[in-house]
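Can you keep this structure in mind? I'll have questions shortly.
The values are calculated or read from the model by the stated rules, or taken from the named source; none is laboratory data. From a predicted model like this one, the values you see are computed outputs, not experimental measurements. Heads up, the Cβs are rebuilt from the backbone with ideal geometry, glycines too, and the neighbour counts pull from every protein chain shown. These accessible areas exclude ligands, DNA and RNA; they are computed on the full protein's heavy atoms, side chains included. Shrake-Rupley method; radii C 1.70, N 1.55, O 1.52, S 1.80 Å.
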Amino acid sequence: MEQTEDIRLMKGNEAMAEASIQAGADAYFGYPITPQSEVLEYLAREMPGRGGVVLQAESEVASINMVYGAAGAGARVWTSSSSPGFSLMQEGISYIAAAQLPCLLVNVNRGGPGLGTIQPSQGDYFQAVKGGGHGDYHLIVLAPNSVQEMADFVFLGFELADKYRNPVLMLSDGAIGQMMEKVVFHKRELKRIPKPWATTGKTPDRERSIITSLFIQPEKMEAVNLLLNKKYEEICKNEVRYEEIMTEDAEVLLVAYGLSARISHKTVQLAREKGIKAGLLRPITLYPFPYERLNKLADQVKCMMTLELNAGQMVEDVKLAVNGKVPVGHYGRQGGIIPSPEEVEENFEKFFKSVS
Amino acid sequence: MENNEIQTPDCLVENGETYDMVYERPHTLTGTRMHYCPGCGHSTAHKILAEVIEELGIQGDVVGIAPVGCSVFAYDYLNFDMQEAAHGRATAVATGVKRVLPDKYVFTYQGDGDLAAIGTAETIHCVNRGENIMIIFINNGVYGMTSGQMAPTSLAGMKTTTSPYGRDTKTMGHPIKVSELIAPLPGAFYVTRQAVHNAPAVRKTKKAITNGFKYQKLNKGISFIEIISNCPSNWKMTPLQTVEFLDNEMAKYYPLGDIKVPSAEDLK
Ligand SMILES: Cc1ncc(C[n+]2csc(CCOP(=O)(O)OP(=O)(O)O)c2C)c(N)n1
């Protein structure tokens, strides 16, 4: 029988690296940092034989600017890092967003602030979805909750980046990056679109290509801002992705992404065993955020609670979505501590009893 | 309407006589009027660069990177593909471009604040990796764009807006000689220091930039071309005085000439 599926047992970081090769990445630039160093290691091993550039840069500042250059030259390019390194990239990311360069960025979130811990965290939510760098811009932010999704979102990320000429961020965490799971690589047709704006050398039949983020006249700058705003509106209209678990008859709702969503899934089951009609909404895109769907669900459920591995960040977006219709709470652990589904269930019950 | 374009006539008519054009602006310049101050070296350096690219016939194969600094608008004047880069990051951006387009001619065009202060790490490592690009390093001894603050290259005792009593090397460090610093690295193939303040200097700079492009095809590493450049506005001098200052002060500390040249063997 002909084998059509390639099934492997891999770490999230490795799955993502393998996926990038299969997605036809032309180049990867990175700098080691736990818990995502496997990416550079995997690519350093695999890329030379399979085509493509892999380069260990002198810093994350350098690697993000190498991404800028390669993306501006029309290449399919990406980088990955973890929280402190990702912070270092923010200026470059702002330039990339302004110059509208398609590329894939990955932050395998670890605990902070500061040097923090190498354990998993969701403390970089604000940085990921509210800017991070300077100026008015947005990344498309994908939040995988499994090794499989870490691989799948590489393909999706490159496609969305090209489609909107916008950087895409995969916001994962140290647990999903490090854990091993089954991952299936499907045979796919690679979608590539022409990039006539890229700096590949000015041919006589076209004007010179310029990659820039500088618009010194206020009118020109505002025109670029408006163009970006329009693009972001388009993205919000087309690209909201989320998953719902047992929401049909839910009376209380958990909202969680990534690793927290895995825990919350189990929490919902525990609550259901106790006769509590709990449901889960898992945002898959953190930008654009499923505001509308949550607003709808607020007409159905009595309250919502987020589970986040932070002090309460996404909860602000859930509150915006719900707009006061129902009470919204947050439960979180920090420092790299991963709460058990039982712990979450207990606190979920405490919360909804306190507001009902 | 603002007329920013410079017109180039086909011939010159004067007193009823028609003269043929024997010299014209290279087509690798767009014709947009440059914003540089009178007597600034940037415009001369731009023109040399454009001339070389035209003469080598490589307009379609060039990608240039100009970071933040006075020359951030270089793409307005240079008629080939260009990327603007963040302050200090031109060599990282150039690395990204060259690695995915290895057959193109890639160069950076950076100021001294850019290359020798905020971008020092990128400079050193780009040279150390021996990226096959040309770095054009405009050393005017000050931060031009932000109006005359001290640069890492400002001479000892030099008065700038942030060293109003003169650069005190005890507390502000010494003017850094980047060319001498990077020349020993194996990734540096060709290192030279030139100027653009008089005709012989311009000729030599043109030769150096021509070499820089030609050497890229050898894939043997960095061509690093430092250009000592006049900055009348921030040196607080007339253009003529800057020529003297360049010869008498700048070139004393930063001697003009080749620092590392490839051997006949290297050029094979
Ligand atoms: C991260 C960052 N810091 C500071 C600046 C402000 N800035 C713009 S240009 C410049 C100095 C430029 O000097 P130099 O590189 O010597 O080039 P010149 O203007 O003299 O040609 C500075 C400090 C900036 N744009 N970005």
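Report, in debye and to the nearest 20, how large the dipole of the range A:242-355 comes out about its Cα centre when Lys and Arg carry +1 and Asp and Glu carry -1 on their Cβ.
In total the dipole reaches around 100 debye.
Name the most mobile residue of B:I225, B:I118, B:I138, meaning the one with the largest mean-square fluctuation, in a Gaussian network model of chain B with Cα contacts below 10 Å.
Top of the fluctuation ranking is B:I118.
Measure nothing but the geometry: give the 0 to 90° angle between the long axis through the Cα atoms of A:218-238 and the longest principal axis through the Cα atoms of chain A, rounded to 10°.
The helix A:218-238 is inclined about 50 degrees to chain A.
Same structure again: Can you list the residues, at least 5 places off or on another chain, whose amide H is less than 5 Å from the amide H of B:S229, using H built in the peptide plane?
The answer is B:N139, B:N140.
Determine the shape class of the range A:117-162: with a ≥ b ≥ c the square roots of the Cα gyration tensor eigenvalues, call it rounded for a/c under 1.5, and otherwise prolate if a/b is greater than b/c, oblate otherwise.
oblate
Amide H neighbours of B:I259 under 5 Å, at least 5 residues apart or on other chains, H built in the peptide plane: list them.
B:V191, B:T192, B:R193
With every protein chain present, what is the per residue accessible area of the range A:5-238 (1.4 Å probe, Å²)?
Result: 37 Å² per residue.
If I take the Cα coordinates of chain B and project them onto the principal axes, what are the three extents in Å, biggest first?
Projected onto the principal axes, the Cα atoms of chain B cover 65, 47, 37 Å.
At 7 Å along the Cα-to-beta-carbon direction for both B:E244 and B:T210, put a label point, then send me their distance in nm to one decimal.
3.4
Give the carbon-plus-sulfur fraction of the accessible surface of chain A in %, rounded to a whole number; probe 1.4 Å, heavy atoms of protein chains only.
The nonpolar share, carbon plus sulfur, comes to 52 percent.
³J(HN,Hα) across the range B:116-127 via Karplus (A = 6.51, B = -1.76, C = 1.60, θ = phi - 60°), whole Hz, x for Gly/Pro?
10, 10, 5, x, 4, 4, 5, 4, 4, 6, 5, 5
Based on a Kirkwood Rh over C-alpha pairs, give the Stokes-Einstein translational diffusion coefficient of the range A:203-356 at 20 °C and viscosity 1.002 mPa s in µm²/s.
So the translational diffusion coefficient is about 123 µm²/s.
Let me ask something else about it. Please say if the range B:73-186 is rounded, prolate or oblate, where rounded means a/c under 1.5 for a ≥ b ≥ c the square roots of the C-alpha gyration tensor eigenvalues, and otherwise the choice is prolate for a/b larger than b/c and oblate otherwise?
Taking the square roots of the gyration eigenvalues as a ≥ b ≥ c, the range B:73-186 is oblate.
In the Gaussian network model of chain B, springs joining C-alpha atoms below 10 Å, which of B:F137, B:F245, B:F107 carries the largest mean-square fluctuation?
In the Gaussian network model the winner is B:F245.
Chain pair B, A: how much accessible area is buried, both chains summed, with a 1.4 Å probe, in Å² to 100?
Approximately 2600 Å² gets buried when B meets A.
Further, regarding this structure: What residues does the range B:99-130 have that are buried by at least 50 Å² of accessible area in the full protein assembly compared to the chain on its own, 1.4 angstrom probe?
Residues of the range B:99-130 that lose at least 50 Å² of accessible area once the other chains are added: B:R99, B:V100, B:R129.
Here is a follow-up. For chain A, what is the charge dipole size about the Cα centre, in debye to the nearest 20, if Lys and Arg each add +1 at the Cβ and Asp and Glu each add -1 at the Cβ?
Taking the Cα centre of chain A as origin, the dipole is about 440 debye.
Which angle between 0 and 90 degrees, to the nearest 10, do you get for helix A:37-50 versus the longest principal axis of chain A when only C-alpha atoms count?
40
Once you mark the GluC sites (Glu not before Pro) that are in a DSSP loop and have at most 16 other Cβ atoms within 10 Å, what is the longest gap between them in chain B?
Free of exposed loop sites, the longest segment is B:25-264.
Before I look further, what does the range B:26-260 give for accessible area per residue, probe 1.4 Å, in whole square angstrom?
35
If you wrap the range A:5-238's Cα atoms in a convex hull and average its projection over all directions, what's the area in nm²?
With the hull built on Cα positions only, its mean projection is 13.2 nm².
While we're looking at this one, here's another question. Quick one: Karplus J couplings for the range A:60-76, per residue in order, coefficients 6.51, -1.76, 1.60, θ = phi - 60°, nearest Hz, x for Gly and Pro?
Rounded to whole hertz, the list is 5, 4, 5, 5, 5, 6, 5, 4, 4, x, 5, 5, x, 8, x, 7, 8.
Could you go through the range A:90-106 in sequence order and give the Karplus-derived ³J(HN,Hα) for each residue, using 6.51 cos²θ - 1.76 cosθ + 1.60 with θ = phi - 60°, rounded to whole Hz, and x for Gly and Pro?
4, 4, x, 5, 4, 4, 5, 5, 5, 7, 6, 9, x, 6, 10, 10, 10
State the antiparallel share, in %, of DSSP beta bridges confined to the protein assembly as shown, rounding to the nearest 5.
Restricted to the protein assembly as shown, the bridges split so that about 30 percent are antiparallel.
So which residue, out of A:I93, A:I21, A:I216, gets the largest mean-square fluctuation from a GNM of chain A using Cα contacts under 10 Å as springs?
A:I216
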